[in-house]
1. Would you be able to tell me the number of residues in region 206-242 that are surrounded by 16 or more Cβ atoms within 10 Å (Cβ to Cβ) and outside any helix (DSSP H, G or I)?
2. Mind checking whether some residue in region 18-40 is in contact with a strand residue (DSSP E or B) (Cβ under 7 Å, 6 or more places away or on another chain) and more than 21 Å from residue 136 (Cβ to Cβ)?
3. Looking at 111, 96, 122, 71, can you tell me which residue is at pLDDT 95 or above and more than 23 Å from residue 48 (Cα to Cα)?
4. Looking only at region 28-60, which residues are outside any helix (DSSP H, G or I) and either surrounded by 12 or more Cβ atoms within 10 Å (Cβ to Cβ) or touching a residue at least 24 places away in the same chain (Cβ under 8 Å) (or both)?
5. Enumerate the pairs (first residue in region 230-243 and at pLDDT below 90; second residue anywhere and exposed (fewer than 12 other Cβ atoms within 10 Å of the Cβ)) with beta-carbon separation below 8 Å, excluding pairs fewer than 6 apart on the same chain, so at least 6 apart or on different chains.
6. Being surrounded by fewer than 21 Cβ atoms within 10 Å (Cβ to Cβ), in contact (Cβ under 8 Å) with a residue 24 or more places away in the chain and touching a helix residue (DSSP H, G or I) at 6+ places or on another chain (Cβ under 7 Å): is that true of residue 25 here?
7. Of all residues in region 165-206, how many are without any contact (Cβ under 8 Å) to a residue 12 or more places away in the chain and under 22 Å from residue 107 (Cα atoms)?
């Protein structure tokens, strides 16, 4: 951090304590726009202060997302879960935390984000549908940068996590996922098998044709249909490529 950058950061950090909300908002925004690493810790500390209102928390979280510094990961995860020490956060603030986690792209947050989805399960509370979507988007965003942690979790003991991981990997659509998706065609959970077949159809790798044909005999009708659709997608793609 340059001398002048450090001076400006200290000046803006001081403004985070100002009694005027507009000045605090502007200071938080400028600290995010500066791109100086020295702004990260003061912004995190601002989140701990009970006197700060929702709009301040939102602006600070957005700035932490812009700075993309992994030091903010732990605090943002706590906010996502609803509470950071003695400060409780609203759904809209938690939404912004999920977005910031995606922007930061810290692979350490993948499992806690998946655990959050597991905790919610199929019982989504009032106004939390969008929050669930944002968490899934964050996982995809992080997975695009760090694929291996997601690939490893496709073998997790918990079937709900495997489903979420498979869905994220399908959306990412990286060809490096093909071997893991081929293995997932034998998963004990039929939903994982369906997603794996769909993903192989989307990626279109010819190496998956033989195993997809085997899945045409799967005990589950929906898996069989997904395998059939995937095979047709791969064949159509190959046909188009030869034209």
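1. 1
2. We begin by selecting, within region 18-40, every residue in contact with a strand residue (DSSP E or B) (Cβ under 7 Å, 6 or more places away or on another chain); these are none.
Checked region 18-40: no residue is in contact with a strand residue (DSSP E or B) (Cβ under 7 Å, 6 or more places away or on another chain) and more than 21 Å from residue 136 (Cβ to Cβ).
3. Values: 96 fails: more than 23 Å from residue 48 (Cα to Cα); 122 fails: at pLDDT 95 or above; 71 fails: more than 23 Å from residue 48 (Cα to Cα).
Every option except 111 fails the conditions.
4. Step one: of region 28-60, the residues outside any helix (DSSP H, G or I) are 35-36, 48-53.
Of everything in region 28-60, those that are outside any helix (DSSP H, G or I) and either surrounded by 12 or more Cβ atoms within 10 Å (Cβ to Cβ) or touching a residue at least 24 places away in the same chain (Cβ under 8 Å) (or both) turn out to be 35, 36, 48, 49, 50, 52, 53.
5. Partner pairs satisfying both residue conditions: 238/206.
6. Numbers: surrounded by fewer than 21 Cβ atoms within 10 Å (Cβ to Cβ): yes; in contact (Cβ under 8 Å) with a residue 24 or more places away in the chain: yes; touching a helix residue (DSSP H, G or I) at 6+ places or on another chain (Cβ under 7 Å): yes.
Yes; evaluated as a whole, the condition is true for this residue.
7. If we filter region 165-206 for residues that are without any contact (Cβ under 8 Å) to a residue 12 or more places away in the chain, which is where we start, we get 179, 186.
Then keep just the ones that are under 22 Å from residue 107 (Cα atoms); that gives 179.
Residues in region 165-206 being without any contact (Cβ under 8 Å) to a residue 12 or more places away in the chain and under 22 Å from residue 107 (Cα atoms): 1 in total.
Here is a yes/no grid of residues against (1) surrounded by fewer than 19 Cβ atoms within 10 Å (Cβ to Cβ); (2) under 22 Å from the mean Cα position of the chain (by Cα); (3) within 19 Å of residue 101 (Cβ to Cβ):
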{"position": "130", "(1), (2), (3)": "yes, yes, yes"}
{"position": "145", "(1), (2), (3)": "yes, yes, yes"}
{"position": "158", "(1), (2), (3)": "yes, yes, no"}
{"position": "162", "(1), (2), (3)": "no, yes, no"}
{"position": "173", "(1), (2), (3)": "yes, yes, no"}
{"position": "176", "(1), (2), (3)": "yes, yes, no"}
{"position": "179", "(1), (2), (3)": "yes, no, no"}
{"position": "183", "(1), (2), (3)": "yes, no, no"}
{"position": "199", "(1), (2), (3)": "no, yes, no"}
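The values are calculated or read from the model by the stated rules, or taken from the named source; none is laboratory data. In this text the structure is predicted, and so the values were computed from the model without any measurement. All Cβ positions, glycine included, derive from the backbone under ideal geometry; neighbour counts span all protein chains shown.
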